[in-house]
1. Closer than 18 Å to Val30 by Cα and open to solvent by less than 80 Å² (accessible area, probe 1.4 Å): does that describe Tyr92?
2. Just name the residue that is nearest to Val25 (Cα to Cα) out of those in segment 35-80 that are β-branched (Val, Ile, Thr) and open to solvent by 70 Å² or more (accessible area, probe 1.4 Å).
3. Do we have any residue at all in segment 48-60 that's under 21 Å from Trp133 (Cβ atoms) and not β-branched (Val, Ile, Thr)?
4. Name every residue in segment 1-14 that is open to solvent by 60 Å² or more (accessible area, probe 1.4 Å) and closer than 12 Å to Ala69 by Cα, in order of residue number.
5. Find the residue count for segment 15-34, including only residues that are open to solvent by 60 Å² or more (accessible area, probe 1.4 Å) and closer than 17 Å to Ala100 by Cβ.
6. Mind listing whichever residues of segment 35-61 are part of a helix (DSSP H, G or I) and either in contact with a Gly (Cβ under 9 Å, 6 or more places away or on another chain) or without any contact (Cβ under 8 Å) to a residue 40 or more places away in the chain (or both)?
7. Contact list please: Cβ distance under 6 Å, first residue in segment 107-133 and at pLDDT 95 or above, second residue of a type in the set (Gly, Ala, Ser) and surrounded by fewer than 18 Cβ atoms within 10 Å (Cβ to Cβ), pairs at least six apart or on different chains.
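The values are calculated or read from the model by the stated rules, or taken from the named source; none is laboratory data. All values derive from a computational prediction rather than experimental measurement. Reconstructed Cβ throughout: ideal geometry from the backbone, glycine too, with neighbour counts over all protein chains shown. With ligands, DNA and RNA removed, areas are computed over all heavy atoms of the protein, side chains included. Shrake-Rupley method; radii C 1.70, N 1.55, O 1.52, S 1.80 Å.
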Amino acid sequence: MELVKLYSATIAAFGTMAFLMFFQVLVADVVGLRAKHLPGAQIPSDHNNLLFRVSRTVANTNETVVIFAFAVLFCMLSGVSASTTAYATWTYVVARFLYALCYYFNFQLFRSVMFGVSLLSIAALLVAGASKWCGA
């Protein structure tokens, strides 16, 4: 399992991301229960509504995490350096954590910045992986 040893920091980031996603779902569930929200009922689009913000946090994470996972696997299987992969992976995870906090507390500008950082992290992973295939 040389690959596991080589990419251990990246694998740890994957685990951390799983915990973060689990936490986001728990927060959304607790907020929904406290708001007496009927499961399956529409949540009004209102950034002043905490239930809307926490549910959007979960949805937005779900929209990017699969791309992120494929990009990381692309890097690992293409032989991108373990440190490059780990830096980009941890940057994504930290940005998603800060994104969630900013969304919960309705810090709109910083939330958008963290979303951008997370997308740049995915782009960095894709470029790093592609460079291995393009001979760069």
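1. It is false that Tyr92 is closer than 18 Å to Val30 by Cα and open to solvent by less than 80 Å² (accessible area, probe 1.4 Å).
2. Per the stated criteria, the residue is Val66.
3. No.
4. Those that are open to solvent by 60 Å² or more (accessible area, probe 1.4 Å) and closer than 12 Å to Ala69 by Cα: Ile11, Phe14.
5. Counting residues in segment 15-34 that are open to solvent by 60 Å² or more (accessible area, probe 1.4 Å) and closer than 17 Å to Ala100 by Cβ gives 7.
6. Within segment 35-61, Leu51, Phe52, Val54, Ser55, Val58, Ala59 meet the criteria.
7. Here the result reads Gly129/Ser78, each pair linking segment 107-133 to a residue that is of a type in the set (Gly, Ala, Ser) and surrounded by fewer than 18 Cβ atoms within 10 Å (Cβ to Cβ).
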